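So the structure is just underneath, and the comments pick up after that.
The values are calculated or read from the model by the stated rules, or taken from the named source; none is laboratory data. Remember, it's a predicted structure, so these values are computed and weren't measured experimentally. Ideal geometry is used to build each Cβ from the backbone, glycine not excepted, and the neighbour counts take in all protein chains shown. Please note that ligands, DNA and RNA were not included when accessible areas were found on the heavy atoms of the full protein model with its side chains. Shrake-Rupley method; radii C 1.70, N 1.55, O 1.52, S 1.80 Å.
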Amino acid sequence: MIVHPPSSGGRRVTLYGHDLGRALRPGDVAAILRRAGFCTTKFVWDDTRVFEWRDGGPDIWLMP
């Protein structure tokens, strides 16, 4: 899953090229993933096998 760079509308979240939505914080990413069928109560944000954070990790949400 890719969490794209911050923009004025949040960070775009895609999975295998499919746009899943936009997130304004990590909780939004979790909600998007649950809607997509991921069944877990806690995500490990620094797990590079699952997440590719572009232009900043889960603590970066504003445009530079």
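Things to note:
- Take the Cβ atoms of Thr14 and Leu62, set R0 to 25 Å, and the FRET efficiency comes out at 0.80.
- Sorted largest first by accessible area at a 1.4 angstrom probe radius, with every protein chain in place, the residues Met1, Met63 fall in the order Met63, Met1.
- When only the Cβ of Lys, Arg, Asp and Glu is charged (+1, +1, -1, -1), the dipole of the chain relative to its Cα centre reaches about 220 debye.
- Heavy-atom accessible surface of the chain: percent carbon and sulfur, 1.4 Å: 55 percent
- Our estimate of slack between Lys42 and Ile2, defined as 0.36 nm per intervening residue step minus the Cα-Cα distance, is 12.6 nm.
- Heavy atoms of the protein chains alone define the surface here; on that basis the chain has 68 Å² accessible area per residue at 1.4 Å probe size.
- Formal net charge of residues neighbouring Arg54 (Cβ-Cβ distance under 11 Å; K, R +1; D, E -1): 0
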